[in-house]
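Colleague: Have a look at this one.
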Amino acid sequence: MQEITTTRHNHLIDPTLHVWGWEIPIYLFLGGMVAGMMLISGYFLFKGRHKETNCSCYYLPYMSMVLLSLGMLALFLDLEHKLYVWRLYTTFQITSAMSWGSWILVLVYPILMINILLRPPKILEDKLPIIIEWKNKLHANPIWIKNIGVISMFFGAGIGLYTGVLLSSLGARPLWSSSILWLLFLVSGLSGAAAFVHVIAKNVYERELLAKADNAFLIIELFVIALFIIGLKTATQVQSNAADMLLNGEFASSFWVFVIGIGIVIPLIIQLLAVNHKIHHTPIAPLMVILGGLILRFIIVAAGQYSHWFALN
Amino acid sequence: MNSLSRRRFLKITGATFGAAVAVSSLSEVVKGAEKVEVKTGKKVKGIQKIPTYCDICFWKCGAIAYLKDGELWKIEGNPDDPLSEGRLCPRGTGGIGAHFDDSRLKAPLIRKGPRGSEEFVQVTWDEALNYIAEKMKKIKSDFGPEAMVLFSHGVGGNFLKHLMHAYGTPNDTAPSFAQCRGPREVGFELTFGDVIGSPERTDLRNSKCIVLIGSHLGENMHNTQVQEFSEAIEKGATIITVDPRFSVAAGKAKYYLPIKPGTDMALLLAWMNVLVTEELYNKKFIEKYAYGFEQFQYEIAQYTPEWAYIETTIDPEVIRETAREMARYMPATLIHPGRHTSWYGDDAQRSRAIALLNALMGNWGKKGGFYNPTSVNIPKYPYPAYPKSEKGAADNPNHKYPFAEGEKLSTGLREATLTEKPYPIKGWFVYGTNLTQALPNTQETINAIQKLDLMVVCDVVPSEIAGYADVVLPESVYVERYDDLNNPLFREGFVSLRQPVVDSPNDQKPNWWIAKKLADKLGLQEYFPWKDVEEYLDTRLRSAGLSLPQLKEKGVIRAPKGKIYFDEDEEIEFYTSTGKVEFYSHKLKDAGFDPIPKYTKPEEPPAGYFRLLFGRSPVHTFSKTQSNRFLSGLMDENEVWLNYDIAKRMGIKNGDYIKLKNQDGIVSNKVKVKATERIRTDCVYMVHGFGQRSKMYRQTFNKGASDSQLITKYKMDPLMGGTGMNVNFVTIDWEA
Amino acid sequence: MARYGMVIDTKKCVGCQDCVIACEAENNVPEGFCRDWITTESSGKFPTIEMEIRTERCNHCTDAPCVSCCPTGASHYHDVGGVVLVTHGECIGCKACIASCPYDARYVHPEGYVDKCTFCIHRVENGKDPACVSVCPTHCMYFGDLDDPSSKVSQLLKSRKNHSLIPEAGTKPNIYYLT
Ligand SMILES: Nc1nc2c(c(=O)[nH]1)N[C@H]1C(S)=C(S)[C@@H](COP(=O)(O)OP(=O)(O)OC[C@H]3O[C@@H](n4cnc5c(=O)[nH]c(N)nc54)[C@H](O)[C@@H]3O)O[C@H]1N2
Ligand SMILES: Nc1nc2c(c(=O)[nH]1)N[C@H]1C(S)=C(S)[C@@H](COP(=O)(O)OP(=O)(O)OC[C@H]3O[C@@H](n4cnc5c(=O)[nH]c(N)nc54)[C@H](O)[C@@H]3O)O[C@H]1N2
Ligand code: SF4
Ligand code: SF4
Ligand code: SF4
Ligand code: SF4
Ligand code: SF4
Ligand SMILES: [Mo]
């Protein structure tokens, strides 16, 4: 029998690593949602379909701004040395995903702002008439709108990718050392964002459209999860062990029930029935998708911290 | 025994310091700078180094304490000290925690409630010492001075010992004999005519083959021993470890012998059988120096490895192979004599067998075996003679234990207190020893205490024993006080000084002050003619050609190295009655004991029970370090080691908490299980010193389990009155 | 350039934790935390057991993920000996470095910044051994320049069998264990 004992007893490290609590998963989840939203709104703007997809193009940017700020707040709350947060912006560390992330996040704000200019809030228009001028100028130049769409998509993808890369760049955690974690988080962000529009869009066409898109995203997500697991299982022993935590280990029940069941399969079935008009649309399904996305982040963050190279010995 | 040792001692104390002062280089140590600026009264800025010697155990390693801006910062080994050679053990390094200990006693206390209720009122030193003096005077006039007993462990007790002898009692004792080294010293004395002593005269450093019987070096952290052990490992020595538990030392061994507890005598006899029948022993040595070898040879023939296998469960081939391995390296083979040897009640005889096995190696006075320790003579302080005791000591009436010599039997004095035989004992003065933890069968200790008219405990924390005191005296810890000089028998002669490094935080006082003050109150001033301890130390040092200022600066002064091995053909004088190494002992025979060691089977544990074994943690000293935050931070409770398969069968998981119940129905505190492959199935193991039940001692209360509590049974060594304590059986208390 | 590292002889280490206490005292490590610790690994069935006792700490990796993931540059390679250090005043406490370390060598100091073994660079730069090395009663730890072939540490690595911890994590650790 193998017996390993250690005398280390550091808070948050032992007996198992848990330096990141709820803040980081929330941050990653919100970041993913924002990424998905920017991709969706950007896509429709690029396609010039902002007329039909009102909610996506005009409402999502507001929402993104709010969620992004909440996400940054969660990140801030997680910092142990809060008064030094400004240190993030006195440097750019090229090898650090987190440094990239923090710069991307600040760059995203102006983009969202320009996006919002397409339909600024009433109070703003009243207070700052010049805004109306800008808005009109934008609407007079479809090519500009197209470009805003492109930039939106670009940065949206950037955020989505970043939330995954943040984890997978930390090579020490076998569960995270996957080359497609970014894709998983990106797709999950997309499905969450699509689900979000599905819930709030008033326009039936848009709702249907996004429900269909969501179904596609969910199916892709299933594939990506499968690839993610297969990738880990076929990599090193420790990575395989890490995958087992999700498949049949410590995190299996929450993974299968919440992420796969409630987060993907059940809403997928419901939404497939709904888009095929077998049943009425219900906000329950998209809410499940969003919940699944949230829990995915929690599980990946928690299980990742739990997974360790030492399992090898 | 005493007389022989003294004879030997006189012979070797020829060395003087002579050129010593020049030899010692104290580059590292800054001159004893003042801690407080004289002018401003402010603490001195910057780093200061003050040499002293450690007191976390009784090894007395030379150390250097560092102050940073006048505050105690850290403590390191003194490179000039031959015991530490600049490196302390973990307890020594963590020793500064004793100064910062939040649990410390702050002022003298006098009992308010019933004994053991731990209810006290705080008093002044004058009140406390007056109280003690009054009682002691009354005890002396009613029962004679012998009715006072001093229990004192450690060099700090020297001044109190002096006081008690001046008062007129011969009864001073410590648990370091009957509960510790006694059996070993007696066994070796009976064989070689000399004792092992402390620090042990083992030349581990140069051994090519080291046999450890229980001695769990690496967990047992006696500094010099561990350093030398490691040196031997580095040089490629063969290590043979005999232990029912896969100890740290077992992990270093080429041969690990997982012996059935209590059967070591069988193994020792079988080893000697192999050495003798295969004629592998040191013939030259035996021919010249052995007495009674023929009888021995005849008797040993019956103890074949096959016979021993049945007793010990050790493979006969392994017994043979290890015996041959020992012979291969002799005389640089050392069968370690052990230290805590009071195991099974036949311990002096087992130690004798170990001595004989060593004798077969011919390693006495040889490199890699036992060196001849040396010392320098620092004359005692010229005190007036002590009053003669009419009654003599009470620990061993009628010499019931004929070989209990050298030190008094702690348990014998407890017995005398309980039975009032040979005469009543009415007062205990307890210094630096936690008797409820150190003596077997706690209840007997408590019963004895309840019979007393006076019970004084001098301690640094509210230890278990302090809870039973009438008067508790808070002592300054070692970094805050002077103590007597350290001037042991060792590889080389030296003297080292303990001196105060920082002030005591509250109203604690050093032992010398307490002894002198109490002497005043007892009318024994003439025995304390010195003004203060500095004058005492300086007087002693000057009579050896040194001075206190010199030693304050250096901490340690070494004498030139002398010869510690016999030359190739040097005649060896043994201080036994035959002048030889006694394979056959008439002394034993005449006293009615086996003249050649014999094996007795240990009692088997009842079904469902395990033998309770115990030992040391590298980061604790007995029960005295559990509230030191440096040390408790690394281990704040003990675990009970239980064989993995057994645990599994019983449905106990690693880390579960259980309670143990012993053969007499005594139930322990809850204690964490270490379910491990590293122990036999017939015993459990725990580190001694935990599970203290003093409520005043909050940091330690109920943390872990106490082996002492479960040691209700003990087996007396008929030769010397040692208390074999490995004779208790425990089971899991499922009701817990 | 020098590459500081340690070589630890597991044959001699007894797991006494002196190195841990020395570090605590020397570096004022907050109560309840440790920069170094002891791992005991045993395998086999009683009584045939193999056991290795090791003192562990930050490996001062040559390819340190804790440095590359740090968004502020607080975690960095010191110009002397490639020692990996954290500048307290630059650290935001994001803990990415902790999550990135395969050895779990770092912890959050109660004051908010991330802390770990410094190889006692303050001592080393004054010509002394790290505190843990200098107290070890078994003399089982050796500190020195791994890039200098004549150093004691290099010599030991040449002459004795050794291993580092989790080399497969690819961080190029600079602590080696002699077996
Ligand atoms: N850190 C630290 N070091 C210390 C001390 C301390 O308090 N702390 N105390 C010091 C003192 S005063 C002493 S006396 C020594 C004691 O240290 P040792 O002399 O080494 O003590 P033992 O009681 O012989 O050792 C206990 C070991 O013996 C094994 N053992 C138990 N029963 C048997 C048996 O029947 N046969 C065999 N072969 N082995 C057995 C146990 O499994 C355990 O490994 O330690 C000294 N060193
Ligand atoms: N069950 C069991 N019993 C044993 C042993 C065992 O392993 N198990 N081991 C035996 C052995 S080998 C030995 S040597 C003895 C040791 O027995 P003891 O010497 O009695 O050891 P401790 O239990 O540590 O008690 C020491 C006491 O001294 C106090 N003290 C510490 N520092 C100072 C100081 O500076 N001044 C004063 N005045 N007091 C101080 C401590 O608080 C503590 O109460 O125990 C023996 N008894
Ligand atoms: S062996 Fe350790 S505790 Fe004992 S005196 Fe030496 S340093 Fe102090
Ligand atoms: S001080 Fe030395 S022997 Fe003790 S645990 Fe540390 S490295 Fe090992
Ligand atoms: S051991 Fe961990 S903290 Fe130290 S350098 Fe390597 S990755 Fe960084
Ligand atoms: S916690 Fe500090 S040192 Fe670690 S990555 Fe974040 S900023 Fe860098
Ligand atoms: S090198 Fe210094 S900081 Fe690192 S573990 Fe050793 S003592 Fe602590
Ligand atoms: Mo002892």
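The values are calculated or read from the model by the stated rules, or taken from the named source; none is laboratory data. None of the values given here were measured: they were computed from a predicted structure. Note that each Cβ is placed from the backbone with ideal geometry, even for glycine, and that neighbours are counted across all protein chains shown. Heavy atoms of the whole protein, side chains included, go into the accessibility calculation; ligands, DNA and RNA do not. Shrake-Rupley method; radii C 1.70, N 1.55, O 1.52, S 1.80 Å.
Colleague: Quickly run through the stretch A:191-212 and pick out the residues that are open to solvent by 30 Å² or more (accessible area, probe 1.4 Å) and either closer than 30 Å to A:L247 by Cβ or assigned by TED's automatic domain parsing to the domain that holds A:G160 (or both).
Modeller: Matches in the stretch A:191-212: A:F196 only.
Colleague: I'd like the full set of residues that are open to solvent by 40 Å² or more (accessible area, probe 1.4 Å) and of a type in the set (A, V, I, L, M), limited to the stretch B:401-432.
Modeller: B:L418
Colleague: When the residues of the stretch C:7-36 are filtered to those that are more than 10 Å from chain B (Cβ to nearest Cβ) and in a loop (DSSP other than H, G, I, E, B), which remaining residue is farthest from C:S151 (Cα to Cα)?
Modeller: Applying the filter and picking the extreme gives C:P30.
Let's see how each residue does on (1) in contact with a Cys (Cβ under 7 Å, 6 or more places away or on another chain); (2) of a type outside the set (K, R); (3) assigned to a loop (DSSP other than H, G, I, E, B):
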site: B:K421; (1), (2), (3): no, no, yes
site: B:F429; (1), (2), (3): no, yes, no
site: B:N447; (1), (2), (3): no, yes, no
site: B:M455; (1), (2), (3): no, yes, no
site: B:S463; (1), (2), (3): no, yes, yes
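Colleague: If I go through the stretch B:214-238 residue by residue, how many of them are within 16 Å of ligand 2 (Cβ to nearest atom) and among the hydrophobic types (A, V, I, L, M, F, W, C)?
Modeller: Result for the stretch B:214-238: 2.
Colleague: Does B:V456 qualify as being more than 16 Å from ligand 3 (Cβ to nearest atom), under 22 Å from B:I132 (Cβ atoms), within 23 Å of the chain's Cα centre (by Cα) and buried (at least 24 other Cβ atoms within 10 Å of the Cβ)? Outline the logic, then answer.
Modeller: On the way: more than 16 Å from ligand 3 (Cβ to nearest atom): yes; under 22 Å from B:I132 (Cβ atoms): yes; within 23 Å of the chain's Cα centre (by Cα): yes; buried (at least 24 other Cβ atoms within 10 Å of the Cβ): yes.
Yes, satisfied.
Colleague: Take the stretch B:157-200 and flag every residue that is within 16 Å of the chain's Cα centre (by Cα) and of a type in the set (S, T, Y).
Modeller: Matches in the stretch B:157-200: B:T173, B:S176, B:S198.
Colleague: Can you find, within the stretch B:338-372, the residue that is surrounded by the fewest Cβ atoms within 10 Å (Cβ to Cβ) among those that are of a type in the set (S, T, Y) and within 15 Å of ligand 1 (Cβ to nearest atom)?
Modeller: Our first condition is that a residue be of a type in the set (S, T, Y); within the stretch B:338-372, this holds for B:341-342, B:344, B:351, B:371.
Within this subset, residues satisfying the condition of being within 15 Å of ligand 1 (Cβ to nearest atom) are B:341-342, B:344, B:351.
Numbers: B:T341: 28, B:S342: 29, B:Y344: 24, B:S351: 32.
If we take residues in the stretch B:338-372 being of a type in the set (S, T, Y) and within 15 Å of ligand 1 (Cβ to nearest atom), then B:Y344 is surrounded by the fewest Cβ atoms within 10 Å (Cβ to Cβ).
Colleague: Further question on the same structure: I'd like to know if the stretch B:293-314 contains one or more residues that are within 16 Å of ligand 4 (Cβ to nearest atom), open to solvent by less than 10 Å² (accessible area, probe 1.4 Å), within 14 Å of chain C (Cβ to nearest Cβ) and among the aliphatic types (A, V, I, L, M). Working first, answer last.
Modeller: Taking the stretch B:293-314 first, the residues within 16 Å of ligand 4 (Cβ to nearest atom) are none.
Checking the stretch B:293-314: not a single residue is within 16 Å of ligand 4 (Cβ to nearest atom), open to solvent by less than 10 Å² (accessible area, probe 1.4 Å), within 14 Å of chain C (Cβ to nearest Cβ) and among the aliphatic types (A, V, I, L, M).
Colleague: Name the residue that is nearest to ligand 7 (Cβ to nearest atom), counting only residues in the stretch B:85-120 that are within 14 Å of another protein chain (Cβ to nearest Cβ) and acidic (D, E). Please lay out each step first, then the result.
Modeller: From the stretch B:85-120, those within 14 Å of another protein chain (Cβ to nearest Cβ) are B:85-102; that's our starting set.
So of that shortlist, the ones also acidic (D, E) come out as B:85, B:101-102.
On the way: B:E85: 20, B:D101: 23, B:D102: 25 Å.
My answer is B:E85.
Colleague: Here are some residues: A:I225, A:I299, A:I229. Which one is within 22 Å of the chain's Cα centre (by Cα) and under 27 Å from A:S41 (Cβ atoms)? So that I can check it myself, show each step before the final result.
Modeller: Details: A:I299 fails: under 27 Å from A:S41 (Cβ atoms); A:I229 fails: under 27 Å from A:S41 (Cβ atoms).
Only one candidate passes the filter, namely A:I225.
Colleague: Let me ask something additional. Could you check A:L88 against (1) of a type in the set (A, V, I, L, M, F, W, C); (2) at the interface with another protein chain (Cβ under 7 Å from one of its Cβ atoms); (3) assigned to a helix (DSSP H, G or I); (4) free of Cβ contacts under 8 Å to residues at least 12 places away in the same chain and say which number it fails?
Modeller: Here A:L88 meets the rest and fails (4).
Colleague: Taking into account only those residues within the stretch A:21-80 that are surrounded by 21 or more Cβ atoms within 10 Å (Cβ to Cβ) and of a type in the set (V, I, T), which is farthest from the other protein chains (Cβ to nearest Cβ)?
Modeller: A:T53
Colleague: State yes or no: is A:L209 at pLDDT 95 or above and either out of contact with any Phe, Trp or Tyr (no Cβ under 6 Å at 6 or more places or on another chain) or away from chain C (no Cβ under 14 Å) (or both)?
Modeller: Answer is no for this residue.
Colleague: Something else: I'd like to know if the stretch A:114-121 contains one or more residues that are in contact with a His (Cβ under 9 Å, 6 or more places away or on another chain), facing another protein chain (nearest Cβ under 9 Å), buried (at least 18 other Cβ atoms within 10 Å of the Cβ) and not in a helix (DSSP H, G or I).
Modeller: no
Colleague: Next question, about the same structure. For a quick check of your reading: which helices (runs of 4 or more DSSP H) sit entirely within the stretch B:60-151 and have at least 3 residues that are farther than 27 Å from B:A519 by Cα and within 16 Å of ligand 1 (Cβ to nearest atom)?
Modeller: B:90-93
Colleague: Okay, moving on. Do we find a residue being open to solvent by 20 Å² or more (accessible area, probe 1.4 Å), among the aliphatic types (A, V, I, L, M) and at the interface with another protein chain (Cβ under 7 Å from one of its Cβ atoms) anywhere in the stretch C:51-67?
Modeller: yes
Colleague: Would you mind finding the one in C:P71, C:P47 that is facing chain A (nearest Cβ under 9 Å) and either open to solvent by 20 Å² or more (accessible area, probe 1.4 Å) or away from ligand 5 (no atom under 13 Å from the Cβ) (or both)?
Modeller: On the way: C:P47 fails: facing chain A (nearest Cβ under 9 Å).
None of the other options fit; the residue is C:P71.
Colleague: Taking only the stretch C:107-154 into account, find how many residues are open to solvent by 20 Å² or more (accessible area, probe 1.4 Å) and within 14 Å of chain B (Cβ to nearest Cβ).
Modeller: 9
Colleague: Only one residue in B:G187, B:G157, B:G197, B:G182 is part of a loop (DSSP other than H, G, I, E, B) and away from ligand 7 (no atom under 16 Å from the Cβ), so which one is that?
Modeller: B:G197
Colleague: Yes or no: the stretch B:188-207 includes at least one residue that is within 14 Å of chain C (Cβ to nearest Cβ) and either away from ligand 2 (no atom under 16 Å from the Cβ) or of a type in the set (A, V, I, L, M, F, W, C) (or both).
Modeller: Yes: one or more hits.
Colleague: From the list B:N726, B:N654, B:N643, which one is more than 17 Å from B:N434 (Cα to Cα) and within 21 Å of the chain's Cα centre (by Cα)? Please lay out each step first, then the result.
Modeller: On the way: B:N654 fails: within 21 Å of the chain's Cα centre (by Cα); B:N643 fails: within 21 Å of the chain's Cα centre (by Cα).
Selected residue: B:N726, the only one of B:N726, B:N654, B:N643 that is more than 17 Å from B:N434 (Cα to Cα) and within 21 Å of the chain's Cα centre (by Cα).
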